[in-house]
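What follows is a single structure, written as structure tokens, with notes after it.
The values are calculated or read from the model by the stated rules, or taken from the named source; none is laboratory data. Every value quoted in this text rests on a predicted model; they were computed, and no experiment measured them. Here the Cβ is made from the backbone with ideal geometry for all residues, glycine too, and neighbour counts use every protein chain on show. The protein model used for the area step is the full one, side chains on, heavy atoms only, and it has no ligands, DNA or RNA in it. Shrake-Rupley method; radii C 1.70, N 1.55, O 1.52, S 1.80 Å.
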Amino acid sequence: MNQFWKLRGDRVIWIIVVFFAMISIAAVFSSSSFLASSRGISKVAIFMEQTKSVLMGFLALLICYLIPLRFYRTFSFVIYGVSVFLLLLLFIPGFRVEVNGAIRGIRLFGRTFQVFEFAKIGVILYLARALELWGDQLDDFKQFALKILLPVGAVCLLIMQNSFSSALLIALISFLILFFLNVSFKNLSITVGILVGIVLLMFLTYHAFFAGRPQRLESGVGRIFNRFGTVEGRLTAHFDKEEEELAGLSRAEIQQRKDKDRQSENAKVAISEGGIFGKGPGKSTQRYSLSMAFSDFIYAFIVEEYGLVGGGFVILLYLIFLFRCIRLCQRCTATYSSVLIAGLSFLITTQAFLHILVNVRILPITGHTLPLISHGGTAYLVLSGAFGMILSVNKQLEKQDALERAARESAAETAEHEMQTTQTNDTTPDE
């Protein structure tokens, strides 16, 4: 029983998880003024809700940690298939749930699940198993297209109609996995060219047949393009200079444009007011106007209350986590383990830095949360499970190392015993 509860794996990663949990509870509680008022509940209720999410996250982590690696290897394709099935449920009116103007979840057993989060893990598990089985066949572009591009592309296409940024994130993570696993650079280059061509073609199609025609976007094929207007609006608001953007607009139009960009502006103000050491816990002023301070803009809120020191510490935690995972990859002898750790660590750190870059206004708004820190939900549970899967692989590596050490020690003892026996025989007088 003691052996069952003895946690193995990288202690640094375990410590990072604990730090994330503490930061999450403190930051969400302090930043939840807007959320509490919009729901008509107290901040204490938000605190209890986030504490429950953190505990559920730990439970998800422990379950995924205790599941042996061979389970993930055996059922990788099944998990991928389940994630695709969940994405297909988004097309059925009785299951889908609209959130913030887009269909991003399904309702099952009275609860809402963001299926995009499951799809991210499903794609990584699929790639890990596919590269293990067919890695030596992927120099041929036909095989590469059938076994890699088609499955990943299908998921991205299903997601694109409701979250363009999530589809691009999955594509980026897949590309990073394939690049670092030394898949044919020629095939990767062709893939990038195809991807750029498809995106440009889809935008041209959107402008030719669907832009400014909301009825077409709500039915049939048009649903694939219903997020393209949002993407263009965010890109325009981010890259256009304010003077050029507002020139020639009426006062009402200017106010409407500013309302759309208000969240990003408030995040910018929060970061600028944070300074080096921040205003201190519970002393944020932007939490009353930054409506998504507890999720999409929680990093800006952390900088406001804890300054560049607190923001830098959060970045340092993600970087240490990534470097520890790289070391684990170097220890892996099996392709599956290596791809699984690489993919999950790329997912967590890439999403984290996308969130941070959006908060500091280097990138347009994407809506990605800060892993294991933003307000709990499906994303919190799934990414907690991802940490558990990494630690499960790490546990297996430690077992292998222990077996190898035992084998070496046994071999050394056997050799020493044989040497002593030989020396004894050599010193025994002839009869």
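Considering the range 131-142 alone, what residues qualify as being closer than 15 Å to Asn182 by Cβ and either out of contact with any Phe, Trp or Tyr (no Cβ under 7 Å at 6 or more places or on another chain) or open to solvent by 70 Å² or more (accessible area, probe 1.4 Å) (or both)? Within the range 131-142, Leu131, Trp134, Gly135, Asp136, Gln137, Asp139 meet the criteria. For the range 49-84, a residue qualifies if it is more than 20 Å from the chain's Cα centre (by Cα) and open to solvent by 70 Å² or more (accessible area, probe 1.4 Å), and the qualifying residues are Lys52, Leu66, Arg70, Phe71, Thr74, Phe75, Val78.
On the stretch given as the range 323-354, residues that are free of Cβ contacts under 8 Å to residues at least 40 places away in the same chain, more than 14 Å from the chain's Cα centre (by Cα) and open to solvent by less than 60 Å² (accessible area, probe 1.4 Å) total 1.
The set of residues from the range 287-322 being buried (at least 24 other Cβ atoms within 10 Å of the Cβ) and β-branched (Val, Ile, Thr) comprises Ile298, Ile302, Val303. Would you check which residues across the range 368-386 are among the polar types (S, T, N, Q), in a helix (DSSP H, G or I) and crowded, with 21+ Cβ neighbours inside 10 Å and list them? Scanning the range 368-386 gives a single hit, Ser384.
Listed by first and then second residue, the pairs linking a residue in the range 299-311 that is on the phi > 0 side of the Ramachandran plot to a residue that is of a type outside the set (Ser, Thr, Tyr) and part of a helix (DSSP H, G or I), with Cβ atoms under 9 Å apart and 6 or more places separating them unless they lie on different chains, are Gly307/Gly274.
Would you check if there is a residue in the range 191-206 being modelled with pLDDT of 90 or more and under 29 Å from Ser337 (Cα atoms)? Looking for residues that are modelled with pLDDT of 90 or more and under 29 Å from Ser337 (Cα atoms), one finds at least one in the range 191-206, hence yes.
Take the conditions (1) touching a residue at least 60 places away in the same chain (Cβ under 8 Å); (2) closer than 21 Å to Gly81 by Cβ; Leu176 misses just one of them, which is (2).
For the range 355-367, a residue qualifies if it is open to solvent by 10 Å² or more (accessible area, probe 1.4 Å) and within 24 Å of Ala60 (Cα to Cα), and exactly one does: Gly367.
Restricting attention to the range 150-186, the residues that are part of a helix (DSSP H, G or I), buried (at least 19 other Cβ atoms within 10 Å of the Cβ) and not small (Gly, Ala, Ser) total 13.
Selection of the range 188-206 for residues being hydrophobic (A, V, I, L, M, F, W, C), touching a residue at least 24 places away in the same chain (Cβ under 8 Å) and open to solvent by less than 70 Å² (accessible area, probe 1.4 Å) yields Ile190, Met202, Phe203.
Being over 21 Å from the mean Cα position of the chain (by Cα), surrounded by 14 or more Cβ atoms within 10 Å (Cβ to Cβ), in a helix (DSSP H, G or I) and among the small types (Gly, Ala, Ser) is not true of Ser37.
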